[in-house]
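The values are calculated or read from the model by the stated rules, or taken from the named source; none is laboratory data. Everything quoted here is computed from the prediction, not taken from an experiment. Neighbour counts run over all protein chains shown; Cβ positions are idealised from the backbone, glycine included. Accessible surface areas use protein heavy atoms only, side chains included; no ligands, DNA or RNA. Shrake-Rupley method; radii C 1.70, N 1.55, O 1.52, S 1.80 Å.
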Amino acid sequence: MEYNFKEIEQKWQSYWKENQTYKVDVDPSKPKYYVLDMFPYPSGAGLHVGHPLGYIASDIYSRYKRLKGFNVLHPMGFDAYGLPAEQYAIQTGQHPAITTEKNIARYREQLDKIGFSFDWDREVRTCDPQYYKWTQWAFIQMFNHWFNKKTQKAEPISQLIATFEKEGNLQVEAACSDTPVFTAEEWKSKTEKEQQSLLLNYRIAYLADTMVNWCPQLGTVLANDEVKDGLSVRGGFPVVQKNMRQWSLRVSAYAQRLLDGLDSLEWSDSLKDIQRNWIGRSQGADVTFEVKDSKVQLRIFTTRPDTIYGVSFMVLAPESDYVRELTTPEQAKAVAEYLDYVAKRTERERQSEVKTVTGVFTGSYAINPFTQEAIPVWISEYVLAGYGTGAIMAVPAHDSRDYAFARKFNLPIIPVIDNGQPIDLSESSYDAKEGKMINSGLINGMEVKEAIAFIATEVEKRGIGKSKINYRLRDAIFSRQRYWGEPFPVYYKEEMPYMMDESKLPLELPEIDKYLPTETGEPPLGRALNWKTEEGYPIELNTMPGFAGSSAYYLRYMDPHNDRALVSPEADHYWRNVDLYLGGAEHATGHLIYSRFWNMFLYDLGVVCEPEPFKKLINQGMIQGRSNFVYRIVGTNTFVSAGLKDRYETTEIHVDVNIVRNDQLDTEAFKKWMPDFANAEFILEDGKYICGWAIEKMSKSMFNVVNPDDIIHEFGADTLRLYEMFLGPLEAHKPWDTQGIDGVYKFLRKFWRLFQQEETFSISEEAPSREELKILHKTLKKIEYDIENFSFNTSIPAFMICTNELTSLKCNKRVILEPLVIAIAPYAPHIAEELWHQLGHDSSVTMANFPQWEEKYLSEDAFEYPVSFNGKVRFKLNMPLTATSAEIEAAVKAAPEAAKWLEGKEIRKMIIVPKKIVNVVI
RNA sequence: GCCCAGGUGGCGGAAUUGGUAGACGCGCUGGACUCAAAAUCCAGUGUCCUCAACAGACGUGCGGGUUCGAUUCCCGCCCUGGGUACCA
């Protein structure tokens, strides 16, 4: 019987479905293991061959863990809210829910064909009201909590109010927006509206006027991670800064915990680094400068207090409040002109023209607290309003940006560090934190590091500043002016936001007639009829961003049908957190930060029992496309083969990779491919048309998309699974090239044939030979090692070698083959299931135990093992590694076992390799 | 600029972490089977020494170093990919 993958795969996929083979439940008798894939956004294009790479790897690991006796949670769902469905709705009027539903069905169909062991009973969809109920619920909790810096955790806002009523806010150390100090009496005398307004400064989910990334083309604001190089990540539209009243999440409060938590995680170093940089902790000091002839105190942040004697000017961010306070009447006009210039520049221009130095003098002078010198205060866009205090002390000798500014505006450059030889400041500043202080009064002669510490304490002693840690991480802007997202469970009374009662959740997304903003510029929800509470209060018109629904989905999988809690304590305490998480590295500064934040918040509330959501994380690489090209001679419909193209003037044209095989074009198929090419002519080489090729992103426009359905149709799902793993290391980016798939397919047929004799299934009950046992155990050891280390790519050669060796031994013994069927089951579950049943088992191979390899079958006795290979003979010999060749030669010759191998032969060369093995070339 | 990862045959990639570099697969060449093709099987395939065998030399981006021994460790460069970017 030939290996009929179609029949086998269909048969077992429906068997698994009918028997609910992969359904899991809490089972305290077994250890748990939670394997999670980043759930996909179901796009209209369907899956290409690159998408399932991570799913296949996680499926292999899940199946392996199951065979090792773990109770494995391996769920899948859909990140269903997103812009493409909404854009499509705007164009066609079709409700995004319909598009989304259709795309999910298509994804599901494609996924099912690959034979994954997902427990689909636990599927979640972020747009399902029963799911987003808990997204809204979490938001309400964030609104009702504040972050206490003393305890470093979230605490109920009701306790904060009690404190305000008792003693005001002087003693409160909160992660909060700028808030004036007030007493208990002052608090009590405030109106409800005033109190609510103040509380917003403390809440973890808060409404505030903030500078946001506004994307006019998308008609919405975006979070920092959704903007790259001044353009929106989705769509690539320009983004401008705009002050708007928006919801934000106080992610920055958790900056230190997000940073510290990384140490406990098994993530790649590069991913941890990305997060560390994004959080951007920097230790320094706030220092206050008096201003000459003014009551204003200019507070700045610096990480280099040691250079305070080198300050020759101060710089304010254009958006800083100090600008208004410090601009003198004489300079008012110049400053106004400059602010106008800055306002007109887009974020992109500001970023791309970093080298252009601009600025204006305010007219004011600050007093250096250490030298009492008056130093001019300038304004420049190189200082950012959102970081530190929005103002800096400039030390041009030791900061390259200050240096450029000083050069441009002819400001003094005072060196205060000497690194042994005189430093050269004619071309650039000296930024290194190394050397001895000079020109620096109190700290002359100190090492830089000493000086930093000294000035920091000195500043505190004098009461003009204090040590401070700044983080680059900003709060996450949480409003989107969009329709297709979770509605906020928020209504407004006297312009102040209030949360809906939890019993009213979910607040379902209303129907609207058009998916565009209203005529008055309100978000699409402004079109919803009766969008108000029973009492008649208006409901929030913004919706939540994409990361809202993906922040806690891993928790929902633990207990997906619970309508009383996000996750029950029982389910949470059993499944705890994700043991292995697989997904792309592009989520490093988005989802993976938000999710950790969200989880930490719920941890503070006692809702979840683990502070970190994802213990181990692997970033699978991207599968790139391999594009093919044809070369059209300019002005003709004649195409010249790649090898001859240099003789003509040609245009390179992408050609569909599906009509090219081994870079050879199917010219007939090409003529049919597009009407333009119907009467194409070809200049061939050696009778063939050879295409050019390049590695590019897999995309429709480059005609290099390979669909997994086509591969499965031709070779089967098991071959696809094996080949995707065989392609290269999981974490590497690698091009897809269908050419090589034959080798893997051949292997599966060979493996199948081990169980076949004269066209029928045939297995022998004979006892195995030592050699066969060795082949088996060698393979098992390798497979186990590979899976544990996620090097699935090297397992496949091990299976191939094993199969070849057993084939040449004509081995069809049960004791050898049965363990191999189990070992291959994680990789190729369909063929394994079929063979497992043919071997006489009634239950699924999933229920089997992974066979344990044993060292005793692998050991080689000394001298039992002269195997000849590549003209060499290998001996095992007790010799120190440092032995000379003469000593080894003598030892080899002296050993009686060696005699029969060396008889009459001359020893040409000997190489000692480890494990006391000597290679002898004869 | 700064941080991280990587550079191995015609191609994808191995090398169990300092021990026979190039496993395995693709491609290519030759052969067997076949009327033929497909499929299958066998052999060869890093480079150079004008062909082959024997032998040899050179070979893991480049230049040094440590070591009996380096793709692996150290120092200095070059290139590719990713992250980040006036973050004071």
**OP:** Measure of size requested: the Rg and Dmax of chain A, with Cα atoms as the atom set and Å as the unit; please supply both.
**Re:** 34.5, 110
Original post:
Which residues in region A:767-791 have a backbone N closer than 14 Å to a point placed 7 Å from the Cα of A:VAL815 along the Cα-to-Cβ line?
Top reply: A:767-777
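All other residues with a Cβ under 12 Å from the Cβ of A:VAL744 taken together, and with Lys, Arg as +1 and Asp, Glu as -1, what is their net charge? Show your work: numbers first, answer last.
On the way: positive: A:ARG721, A:LYS746, A:ARG749, A:LYS750; negative: A:ASP718, A:GLU724, A:ASP742.
In short, +1.
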**OP:** Could you state how much accessible area A:THR389 has, in square angstrom rounded to the nearest 10, with a 1.4 Å probe and all protein chains kept in place?
**Re:** 30 Å²
Original post:
Can you list residues whose amide H is under 5 Å from A:GLN756's amide H, if they're 5+ apart or on another chain and H is modeled 1.01 Å from N?
Top reply: A:SER762
**OP:** Convert each backbone phi in region A:306-312 into a coupling constant with the Karplus relation 6.51 cos²θ - 1.76 cosθ + 1.60 (shift: θ = phi - 60°), then list the ³J(HN,Hα) values in order as whole Hz, x for Gly and Pro.
**Re:** 4, 8, 4, 6, x, 6, 10
Original post:
Roughly what angle does helix A:795-808 make with the longest principal axis of chain A, taking Cα atoms, 0 to 90 degrees, to the nearest 10?
Top reply: 0 degrees
Original post:
What FRET efficiency would be calculated for the residue pair A:SER764, A:ILE695, taking the C-beta separation as r and a Förster radius of 45 Å, to the nearest 0.05?
Top reply: 0.40
Original post:
Taking θ as phi - 60°, what are the ³J(HN,Hα) couplings along region A:616-627 by the Karplus curve (6.51, -1.76, 1.60), each to the nearest whole Hz, with x for Gly and Pro?
Top reply: 10, 9, 10, 9, 6, x, 8, 8, 8, x, 10, 7
**OP:** Could I have the simple spin-label model distance between A:ILE683 and A:CYS609, label points 7 Å from Cα toward Cβ, reported in nm to one decimal?
**Re:** 7.4 nm
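Which pairs, out of A:LYS242/A:LYS449; A:LYS6/A:LYS102; A:LYS102/A:LYS697; A:LYS166/A:LYS292; A:LYS166/A:LYS242; A:LYS645/A:LYS671, put more than 30 Å between their alpha-carbon atoms?
Details: A:LYS242/A:LYS449 40 Å; A:LYS6/A:LYS102 26 Å; A:LYS102/A:LYS697 26 Å; A:LYS166/A:LYS292 40 Å; A:LYS166/A:LYS242 39 Å; A:LYS645/A:LYS671 20 Å.
Listed pairs above 30 Å: A:LYS242/A:LYS449; A:LYS166/A:LYS292; A:LYS166/A:LYS242.
Show me the ranking of peptides A:136-149, A:522-535 by mean Cβ neighbours inside 10 Å, starting with the highest.
A:136-149, A:522-535
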Original post:
Modelled label-to-label distance, A:ILE157 and A:ASP121, 7 Å Cα→beta-carbon offset: nm?
Top reply: 4.0 nm
Subject >> A:THR288 accessible area, 1.4 Å probe, all protein chains in place, Å² to nearest 10 >> reply: 30 Å²
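Can you check what the net charge comes to around A:LYS333, using other residues whose Cβ is under 15 Å from the Cβ of A:LYS333 (Lys, Arg +1; Asp, Glu -1)? Intermediate values should be presented prior to the final figure.
Values: positive: A:ARG324; negative: A:GLU330, A:GLU337, A:ASP340.
Once positives and negatives cancel, what remains is -2.
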**OP:** Calculate the length of the line joining the C-alpha centroid of region A:644-708 to that of region A:11-41, in whole Å.
**Re:** 43 Å
Original post:
According to a simple spin-label model (label point 7 Å from Cα along Cα-to-Cβ), what is the distance in nm between A:GLN195 and A:GLU511?
Top reply: 4.2 nm
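A:GLU349 to A:GLU186: FRET efficiency via 1/(1 + (r/R0)^6), r the Cβ-Cβ distance, R0 41 Å, to the nearest 0.05?
Details: r = 45 Å, r/R0 = 1.10.
My answer for the efficiency is 0.35.
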Original post:
Quick one: helix A:269-279 against the long Cα principal axis of chain A, what's the angle to the nearest 10°, folded into 0 to 90?
Top reply: 10 degrees
Subject >> Rounded to whole Hz, the Karplus (6.51, -1.76, 1.60) HN-Hα couplings of region A:658-673, x for glycine and proline >> reply: 6, 10, 10, 10, 6, 6, 9, 7, 7, 5, 5, 4, 5, 4, 7, 4
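How would you classify region A:221-305 from its alpha-carbon gyration tensor, with a ≥ b ≥ c the square roots of the eigenvalues: rounded for a/c under 1.5, else prolate if a/b is greater than b/c, otherwise oblate?
Details: a/c = 2.43, a/b = 1.28, b/c = 1.89.
Judged from the Cα gyration tensor, region A:221-305 comes out oblate (a/c at least 1.5, b/c at or above a/b).
Can you bin region A:518-634 into rounded, prolate or oblate? Criterion: square roots of the alpha carbon gyration tensor eigenvalues sorted a ≥ b ≥ c, rounded for a/c under 1.5, prolate for a/b above b/c, oblate for the rest. All intermediate terms of the calculation are to be shown ahead of the outcome.
Numbers: a/c = 2.92, a/b = 1.14, b/c = 2.55.
It is oblate, given that a/c is not under 1.5 and a/b is not larger than b/c.
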Original post:
A:GLN91 to A:ASP646: extension gain in nm, 0.36 nm per residue of separation minus the Cα-Cα distance?
Top reply: 195.3 nm
**OP:** Excluding residues on the same chain fewer than 8 positions from A:LYS493, give the lysines whose Cα lies under 21 Å from its Cα.
**Re:** A:LYS188, A:LYS190, A:LYS193, A:LYS504, A:LYS532
Original post:
Taking the Cα centre of each part, how many Å lie between region A:467-508 and region A:126-176?
Top reply: 12 Å
**OP:** Quick one: which residues, 5 or more positions from A:LYS468 or on another chain, have an amide H under 5 Å from its amide H? H modelled 1.01 Å from N in the peptide plane, none for Pro or chain starts.
**Re:** A:GLY284, A:ALA285, A:ASP286
Original post:
Using the alpha-carbon atoms, what tilt in degrees (0 to 90, nearest 10) does helix A:814-824 show relative to the longest principal axis of chain A?
Top reply: 20 degrees
Original post:
Using 11 Å as the cut-off for backbone N distance, which residues of region A:285-299 belong to the label zone defined by a point 7 Å from the Cα of A:ALA374 along Cα→Cβ?
Top reply: A:292-294
Subject >> Gap separating the Cα centres of region A:412-437 and region A:581-614, nearest whole Å >> reply: 44 Å
Subject >> Long-range HN-HN contacts of A:MET558 with modeled amide H, under 5 Å >> reply: none
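To the nearest 0.05, what FRET efficiency results for A:ASN789 and A:GLU586 with a Förster distance of 22 Å applied to their C-beta separation?
Values: r = 24 Å, r/R0 = 1.10.
Computed FRET efficiency for A:ASN789 and A:GLU586 comes out at 0.35.
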